[in-house]
1. Work out how much length Leu154 to Ala332 would gain on full extension: take 0.36 nm times their residue separation and subtract the Cα-Cα distance, in nm to one decimal.
2. Name the most mobile residue of Glu304, Glu15, Glu228, meaning the one with the largest mean-square fluctuation, in a Gaussian network model of the chain with Cα contacts below 10 Å.
3. Within 10 Å of each residue's Cβ, count the other Cβ atoms and sort Cys233, Cys317 from fewest upward.
4. When the chain is fully extended, how far beyond the present Cα-Cα distance does Val353 get from Leu388, taking 0.36 nm per residue of separation?
5. Determine the distance separating the Cα centre of region 2-49 from the Cα centre of region 299-347; give it in Å without decimals.
6. So what are the ³J(HN,Hα) numbers for region 311-322, from phi and the Karplus equation (6.51, -1.76, 1.60; θ = phi - 60°), rounded to whole Hz, Gly and Pro as x?
7. How far apart, in nm, are the 7 Å Cα→Cβ label points at Thr364 and Gln184?
8. When the chain is treated as a GNM, springs tying every alpha-carbon pair under 10 Å, which of Arg337, Arg64, Arg209 comes out with the largest mean-square fluctuation?
Amino acid sequence: MNIEATTSLRDAVNEKYLDYHGSTPLLVRSPGRVNLIGEHTDYNQGLVLPAAIDKNIIVAIGKRDDNTIQLYAMDQQESYSVDLDAFDRSPLLWPDYILGVVQQLQQRGHQLGGFNIVFGGDIPQGAGLSSSAALECATAFALNELFDLGISRLDIALTAQAAENEFVGVKCGLMDQFASVFGQEQRLIKLDCADFSHEYIPFNNPDLRIVLFDTQVKHSLASSAYNERREQCERGVALIQKCRPEVKSLRDATIRQLDEYVRPVDATVYSRCYYVVSEIKRLQDACNDLKKDDFATFGKRMFETHEGLQHLYEVSCHELDVLVDLVRDNDAVLGARMMGGGFGGCTINLVKVDQVEAVVDAVTAGYKQKTGRTTQAYIANISAGTNLILD
């Protein structure tokens, strides 16, 4: 973890709370996340391999004597205030990630009082590192601590997900919130999205760094294409189910079934489903690579994932492809792929530690030359999940 950056952010949030409210708050840290492999598998009841990272949201929270919810976002330098018993979605958007958590806790029968929140973060927004999930998880964790609600970590993640699904209106899976809450240092989380069981996979190689390159773009296709891909996967399952009713999701499907029941009917749906079924198998193989400390083979699988996302699932874009192509033949880079929903955001790269600066320089120059745009590079260290800051 980048302790110096986290400490600086913590002190800034704490000081702002003291200035506004004149009392000492509880402080909660919740991290963003990366996903090493297993993309677009979560809503197909598949497997994902995320990790919490050392870029965080920090929430300062304290009780009030009335029923007011008083919020302040340091990054936006905006305040928002509502009544605990009568609120709706805000015109500012950012309060909704907090208010959605409050709504979900109330619907689950938890008794809350008025409270103040001041929060800030260093998770790059719009880069696909799940700053919204981090804020939701920090809020749920903080309210659990403040009002002694007795909520488990899994329920904190599920509450945060429900807030985004039902209040914010984004139909995300559980991966982002789960990674934020359950992260551990130097470990990835092999999460089964069918039943939320999980296994920690070691990821501790001092000779490698996780480097993210941000395209600095988000194409308008992203949301509509995401919904379309979900529908195409569901259609593939429906075609298989006509003859194999035991297949409930692509998690249960085989390539042979796709060849027999889907390919003759719809070539596009076949491509989408082929990618997902292959990616689930690829993730399982990748976990075995890591257990053997075979980072070279793991990296090759990352490139394979990008190929599938680019050509079969078709959720990449020119800028993402350029970033991957720029490192494909670089011996200092073991693997790279687009990360997240697609059509923008970041690529994730495994880079030899002594070559990070050279790779960043080369990619920055190459990206500018080929796209006319500027990329931003981030170093992501795998960190612990959501926690109460005690010192």
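Each reported figure results from applying straightforward, stated rules to the coordinates on display, with no laboratory input. Model, not experiment: these values are computed from the prediction. All Cβ positions, even for glycine, are placed from backbone atoms using ideal geometry, and neighbour counts span all protein chains on display.
1. That pair, Leu154 and Ala332, stretches by 60.3 nm at full extension.
2. Most flexible of the set in this elastic network: Glu228.
3. On the way: Cys233 24, Cys317 20.
So the ranking, lowest neighbour count to highest, is Cys317, Cys233.
4. Net length gain for the segment: 9.5 nm.
5. Each part reduced to its Cα centre gives a spacing of 26 Å.
6. Each residue's phi maps through the Karplus curve to give 9, 9, 8, 6, 10, 7, 8, 4, 5, 5, 5, 4 Hz.
7. The answer from the label model is 3.6 nm.
8. Greatest mean-square fluctuation among the candidates belongs to Arg64.
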